[in-house]
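Contents: one structure, followed by commentary.
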Amino acid sequence: MTSFADATVGELIRQYLPPLLAWVVLLTRRPGEDQARRYVRNILLGFTISLTVLTPGGHLLVNGIAGTTDLPRLIGHAGMLLAAWAGFGLLLHVNGMRRRWHTWWLVGVFCAMCVFFALTPNLEPASPWVFEYIVAYAVAQLPVYAGIMWLGVRYARLADTAVLRVALHMVVAGTAIASLYLVSKSVLSASYRFSFADEFGRSTFASKLAPTAANLLVLVGAVLPAAVTGLGRHRRYRQLGPLWRALYRADPAIALDPPAVPDFLVLGRIRLRLYRRVIEIRDGLLALRPYRDPAVAAAARERARRAGLHGSRLDAAVEAAVVAAALRARAEGTAPGDTEHAAVTGGDDLAAETAFLGLVASAYRALGPRAPAAQQV
Amino acid sequence: MNVFRRLALRRRCRARLRDLPLPVPFDVHELCDRVATRRGRPIRLLPVAGLTGVCGLWIATGTTDLICYERDTTRPHQDHIVLHELAHVLCDHYPVSLPGKYDTTALFPDLDPAMVRAVLGRAGYSSAEEREAETLASLIRQRATTRADGTLHARLHDALDDDRE
């Protein structure tokens, strides 16, 4: 194994980037109470354990604590079996399948691995029982990997978003490369036992690049949907900012937890924060009701029509103009004599409501100086 | 509210949420029915136009819980208002509330004021009860939207999505 001092920068990145990424994902992921989310957490836990103890630093640490020479590899392989078990379990679970064969298969073969591990003096390629240990490791995972690839391809065809489809394809590709790596590792081990040349198994691609690529593909595939969804929510949260701030300045009572930092610095719980922003905007709009002027709405509708707007964009432009005028009226304490009683525009479900308020916020921002100031609060 | 009290409040609300029989797919009326069955007291939901000073109201009588919500707002907002009032019910806030704060006779001329045990309205979060109810309502809606609706990709999205309570 390459020592830390001898390793090139590229080699250090190859060795430590996947475990670092795994730790970041594991530690930032919220614990889930349902089975599917527990499976995802176990995938990440298995990866993190495996990738960490199989680095040179992980080897040194575990061996230093346990006083062993090969225990990190057994722990690392156990971590990979845990990830494989959880990955297949997740794909079965989301489709309502209740099969448990892979659990017994992985536990049974891991027991055999432990026996081989106890019998071998060390895990050097030419040592006795190492070939059996490596083959058992491959045999444990290959049927489970085949199941993951089969279900992954099926689910990717049914995926309703491009992101989910890409993520599933990345997991399938990573699993396929991992399967090839396991086969290559078994053949390489057989080459020592049965004395034949295996140049491919000794190549950098087969021994180093393939497992790194497999790990990265599966890890990135597992976190991609959450990352893309999170970024989308954050963009929407920021989009709603100007409208929310204008309403908050008019009536601070609408906020449950006023933000202490600017929107772009808000991290975490973004789903809850976005939901709160939608509800608080609606609360603010209700509080403005006595100041809504039907004449402003009619004029804004006519202006929006002339500008070529229609559908929800037209409704959003009208709403933004009415809100801006109502905020001014409230600030001046001059409620119109005839308040607006038009039907409330918005979404029938939370996604549509959030999208509509996003359009209103954008239209409100576009009003520029005509809109009451919405400085950062 | 400082960060420790806020975390303690969320912890308390999450504990209540664990015992809640959330319908799948989520429907706030169905949830109210389930809570009513569990408590042995009917819950009636009443849309009211132009509630004054509040956008939701919980009126506890001797036999029934009435939840009034603003009629002239969007469906997601109405759902949230109902959830807020339901959260008051779930948190047993009524024993410490002050009856008579809201004049129910204007809304329900036929309702004998003597029958009203408690009234709580949703208008700002200055009191601990209102903050607790609002936090629980938000968490219920968060949990509800992330629960599987039966389709394969919904369950996959739900499993892989990381941002939930």
Within the bounds of region A:242-253, is there any residue that is part of a helix (DSSP H, G or I), in contact with a Phe, Trp or Tyr (Cβ under 8 Å, 6 or more places away or on another chain) and closer than 27 Å to B:H157 by Cβ?
no
For the structure I just gave you, tell me whether A:P259 is more than 19 Å from A:G10 (Cβ to Cβ), more than 11 Å from every other protein chain (Cβ to nearest Cβ) and outside any helix (DSSP H, G or I).
yes
Taking the condition of being in contact with a helix residue (DSSP H, G or I) (Cβ under 9 Å, 6 or more places away or on another chain) and within 14 Å of chain B (Cβ to nearest Cβ), how many residues in region A:28-85 meet it?
16
Residue hits (region B:46-67; within 14 Å of chain A (Cβ to nearest Cβ) and at negative phi) are B:P47, B:V48, B:A49, B:L51, B:T52, B:V54, B:C55, B:G56, B:L57
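Condition check ((1) part of a helix (DSSP H, G or I); (2) crowded, with 17+ Cβ neighbours inside 10 Å; (3) free of Cβ contacts under 8 Å to residues at least 60 places away in the same chain) across all residues:
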position: A:V40; (1), (2), (3): yes, yes, no
position: A:L45; (1), (2), (3): yes, yes, yes
position: A:L51; (1), (2), (3): yes, yes, no
position: A:V62; (1), (2), (3): yes, yes, yes
position: A:P72; (1), (2), (3): yes, yes, yes
position: A:A84; (1), (2), (3): yes, yes, no
position: A:L91; (1), (2), (3): yes, yes, no
position: A:T103; (1), (2), (3): yes, no, yes
Elements of type helices (runs of 4 or more DSSP H) in region A:271-370, at least 1 residues being within 31 Å of the chain's Cα centre (by Cα) and surrounded by 22 or more Cβ atoms within 10 Å (Cβ to Cβ)
A:350-366
From the list B:R122, B:R143, which one is modelled with pLDDT under 75, within 24 Å of A:E280 (Cβ to Cβ) and basic (K, R)?
B:R122
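The values are calculated or read from the model by the stated rules, or taken from the named source; none is laboratory data. Fair warning: this is a prediction, and the values are worked out from it, not measured in the lab. All Cβ positions, glycine included, derive from the backbone under ideal geometry; neighbour counts span all protein chains shown.
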